[in-house]
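Chemist: Starting off with a structure, shown below.
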Amino acid sequence: MGWFTRRPLVALALLAASGAQAQAAAGRPAIVEASVAGLQQAMASGRATAQSLTHASLARIRRLDRGGAGLHAVIELNPDAPAIAAALDRERRAGHLRGPLHGIPVLIKDNIDTGDRMLTTAGSLALAGAPAPRDAFVVQRLRAAGAVIIGKTNLSEWANFRSSKSTSGWSARGGQTRNPYGPGRNPCGSSSGTGAAIAASFAVVGLGTETDGSIMCPSSVAGLVGIKPTVGLVSRAGIIPIAHSQDSAGPMARGVADAAAVLSAIAGVDPQDPATLPAEGHVAADYTAFLTPGGLRGTRIGVARKKVTGYNPHTDALFEQALADLRRLGAELVDPADFGSLGEYDDDELEVLLYEFKAGLNSYLARRGGVAVRSLDDVIAFNRAHAPRELRWFGQDLLFKAQARGPLTDAAYARAAETARRLARAGIDDVLARHRLDAIVAPTGGPAWLTDLVNGDAYQGSSSSPAAVAGYPSITVTMGAAHGLPVGISFVGTAWSEGKLLQLAWSYEQGTRHRRAPPARVLPRR
């Protein structure tokens, strides 16, 4: 994959190595706050192996994730992980390295199929039968890159598309995931478990999925970097769907370089997902090559304010400091440069999701086999039959609404899909062109709210919808914390602009270094 010969910043690797040495001196497991580059150096020098890293990850999960005080971020561990790590160590000793993820422990969201002994359930008891028959495309790519998939993470059940009154991070199978940055704080969703787990150093990197906000928000409140790619850059084949027009899988990591390494592994054309066919010619072989010094100098960054600020004073204050930091690092700001038509396509977006969820889930379940349900209607009936466990805290009104929708040939669906996509894309592309911008920035969201299973999420605001509905990329990076609770800034661009966004996000990250590990009072660093 060329990573070892074209790594753009030796200094970054040296910093990572020194951090790993400091951990070892302090008696902490090498996995805690470790980076991909640092762990590759540790394995190359013989100070670590894939087996030792896998053991450290699994032991940390067993110690800190389970029980009444645990995070409940991991829904299932991979019983084959130690054997996979041992095989990868043998390959390393034989001189065969697959790339930067060789031997790196990874966690993936429990709506991504694995053709092994782990289940794939989207957090629902309805799918807790036989495992999926084969790996999702992104899992195939991770395995080929040498990653050790050590388990699956909890999520908002059905990727938070079951109830309009849901609590993020809760599923019937996995319970309630906790945010490692504060007792009782919510991890956001729907990639809740991946966010909490990677923030807690249960693995080095993770995979989430997003339809609208489900990578960005959990990454923001967990102090992580999250990449929501252009729809089509990463295959969705083998991922339990919500909406084919918006769904995407993406990396969640503690640093931009690690997220870029994961994106390099999973991006690519997949004949099983027609949405990836336009990606031909747009997939970079190595996304870490975009991480160059001074990447913000001479760039023009638009500042979105309308409808994406003003909902939380702590977020607003951090955003103003982030803007000052962008100027300090050499960017020219165009302020304001608001997203066009934001708020005008919300109803159309929901209509599209309802139609596409029914069609996509019915198609997925028809192929799945070995589970108790074969259709959305079956899922609704299953939940009713198992109400004490499935419907304990909130209902399934979104499932009812989706089941009431017709086929994708309905004129109502076609109108909503065309309107939402047109307005969202123009709302980004026109602003970029008018102001000659490289990207648009906005606060990703507010600090984590308190989990309330009775009343549901106390959601305040976000900036995820423009890129989500347009199918365009966005990256969130920590811009600071409000009373210890992380908050992110989003970099948004046009289709296939992941390389440019990574350049900007990495330069901002390196120039500010806001990420902090979860506090010891919540998550012991041992």
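The values are calculated or read from the model by the stated rules, or taken from the named source; none is laboratory data. Nothing here was measured: the structure is a model prediction, and the numbers come from that model. Because the Cβ atoms are built from the backbone with ideal geometry, glycine has one as well, and the counts that use them run over all protein chains shown. For the accessible areas, the whole protein counts, side chains as well, though only heavy atoms, and no ligand, DNA or RNA atoms are used. Shrake-Rupley method; radii C 1.70, N 1.55, O 1.52, S 1.80 Å.
Chemist: Using the heavy atoms of the protein chains alone and a 1.4 angstrom probe, what is the accessible area of the chain per residue in square angstrom?
Modeler: Here the residues of the chain average 35 Å² of exposed surface.
Chemist: With contacts defined as alpha carbon pairs under 8 Å and 6 or more residues apart, what's the relative contact order of the chain in percent?
Modeler: 17 percent
Chemist: Computed on alpha carbon atoms, what radius of gyration and Dmax characterise the chain, expressed in Å?
Modeler: 21.2, 65
Chemist: Starting from the residue with the highest accessible area, list 449, 393 in decreasing order, probe 1.4 Å.
Modeler: 393, 449
Chemist: In percent, how large is the relative contact order of segment 116-171, given Cα pairs closer than 8 Å and 6 or more residues apart?
Modeler: Dividing the mean separation by the residue count of segment 116-171 yields 34 percent.
Chemist: Counting each DSSP H run of 4 or more residues in the chain as -39500 (n - 2.57), what helix-only mean residue ellipticity at 222 nm follows after dividing by all residues, to the nearest 500 deg cm²/dmol?
Modeler: It comes out at -11500 deg cm²/dmol, rounded to the nearest 500.
Chemist: List the trypsin sites (Lys or Arg not before Pro) in segment 36-75 that DSSP assigns to loop (not H, G, I, E or B) and whose Cβ has at most 12 other Cβ atoms within 10 Å. Which are they?
Modeler: Hits after loop and neighbour filter: 66.
Chemist: How many lysine pairs does the chain hold where the Cα atoms are under 18 Å apart and the two sit 8 or more places apart or on different chains?
Modeler: Lysine pairs meeting both conditions in the chain amount to 5.
Chemist: Right, here's the next one. Given a 1.4 angstrom probe, I'd like the percentage of the accessible area of segment 83-205 that is carbon and sulfur, rounded to a whole number.
Modeler: Roughly 51 percent of what the probe reaches on segment 83-205 is carbon or sulfur.
Chemist: Restricting to DSSP loop positions (anything but H, G, I, E, B) with no more than 12 other Cβ atoms inside 10 Å of their own Cβ, which trypsin sites (Lys or Arg not before Pro) remain in segment 107-136?
Modeler: When the trypsin sites (Lys or Arg not before Pro) of segment 107-136 are filtered for loop state and at most 12 Cβ neighbours within 10 Å, 117 remain.
Chemist: In segment 208-308, what percent of the accessible surface is made up of carbon and sulfur (1.4 Å probe, ligands and nucleic acids excluded)?
Modeler: With neighbouring chains kept in place, the figure for segment 208-308 is 58 percent.
Chemist: Here's a follow-up. Taking all protein chains as present, what is the carbon and sulfur share of the accessible area of segment 427-526, in % to the nearest whole number, probe 1.4 Å?
Modeler: With neighbouring chains kept in place, the figure for segment 427-526 is 50 percent.
Chemist: Also: Loop-only check: which trypsin sites (Lys or Arg not before Pro) in segment 241-312 are DSSP coil with at most 11 other Cβ within 10 angstrom?
Modeler: 297
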